[in-house]
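This report concerns only the one structure given below.
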Amino acid sequence: MPLVPVLQLFATDVPELPFPAGTDVLQVLWCPFEHGYIPQPKLYWRDSSACDGELAEHPRPDGAEEDYLPDPCVLHPERVVDYPSWDLPDEIAEALRERFDRVEKETGWSYWQHLSVADGVKVGGYPTWTQEPDWPDCATCGQRMDHLLTVNSAEFDGASWRTWLPVEDTPETGTIWDLPYDDRRLVQSPPELMFGDMGGIYLFTCQRCPDRPYSHSFDCS
């Protein structure tokens, strides 16, 4: 069965991401069948000059989970700064609790829902955990891996749309939730993916080991 292409990133798209020597493109593919309730991802760091052409047609294997077959769409990278949510240490959260409460009371903006971690498909930053954090350790060196990529079921939810809905996708009148369901889904989830109940797949890599081992975890709401 052919693997299904999920995401392709060039070094010029994300210059902050350290690519292995001799590579300038990251290709993420996966097997779109159930592997412990999620598809099985594979990462390939490649030299774009050695990549031959484009796919004439994206593979859609018979019997695959429709929710794991991404619809082709164009990526428009945008740099944002996000802050830890579940990963915020308890002592810091407690020290800032009164400040968070004051900001929310004065502005209506919740640190946890609006001002911390960025939703959607993202490279780097903090994972958008919906359960307890599950950072994997590298099987080679034993140290904690770095968050490489999140592939979420949606770019925003009923709260975070206030922060992460792109300006260009904002309706002329009303809010995104006033649009018909099908129109909203095209904005909220262009690739039409769904993991569990609006969950996400998180990919991690070890930047210290030359063979760039990787791991992944799954979180559902």
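Just a few scattered comments:
- Selection from segment 4-17 of residues that are open to solvent by less than 50 Å² (accessible area, probe 1.4 Å) and either more than 15 Å from PRO77 (Cα to Cα) or assigned to a strand (DSSP E or B) (or both): VAL4, PRO5, VAL6, LEU7, LEU9
- Pick from segment 143-166, criterion over 15 Å from the mean Cα position of the chain (by Cα) and within 20 Å of ASP87 (Cα to Cα), ranking: surrounded by the most Cβ atoms within 10 Å (Cβ to Cβ): MET145
- Evaluating LEU96 against the criteria (1) open to solvent by 80 Å² or more (accessible area, probe 1.4 Å); (2) hydrophobic (A, V, I, L, M, F, W, C); (3) outside any loop (DSSP other than H, G, I, E, B) leaves one unmet condition, (1).
- Those residues of segment 44-58 which are in a loop (DSSP other than H, G, I, E, B) and either open to solvent by 50 Å² or more (accessible area, probe 1.4 Å) or at pLDDT 95 or above (or both), in sequence order: ASP47, ASP52, GLY53, GLU54, LEU55, ALA56, GLU57, HIS58
- Answer from VAL80, VAL121 - the residue that is more than 12 Å from the chain's Cα centre (by Cα) and open to solvent by 50 Å² or more (accessible area, probe 1.4 Å): VAL80
- Any hit, segment 30-43, residues being touching a residue at least 12 places away in the same chain (Cβ under 8 Å), surrounded by 14 or more Cβ atoms within 10 Å (Cβ to Cβ) and out of contact with any strand residue (DSSP E or B) (no Cβ under 8 Å at 6 or more places or on another chain): no
The values are calculated or read from the model by the stated rules, or taken from the named source; none is laboratory data. Remember, predicted model here, so these are calculated numbers, not experimental data. Neighbour counts are summed over all protein chains in view; Cβ atoms, including those assigned to glycine, are modelled from backbone coordinates with ideal geometry. What goes into the accessible areas is simple: the full protein's heavy atoms, side chains included, and nothing from ligands, DNA or RNA. Shrake-Rupley method; radii C 1.70, N 1.55, O 1.52, S 1.80 Å.
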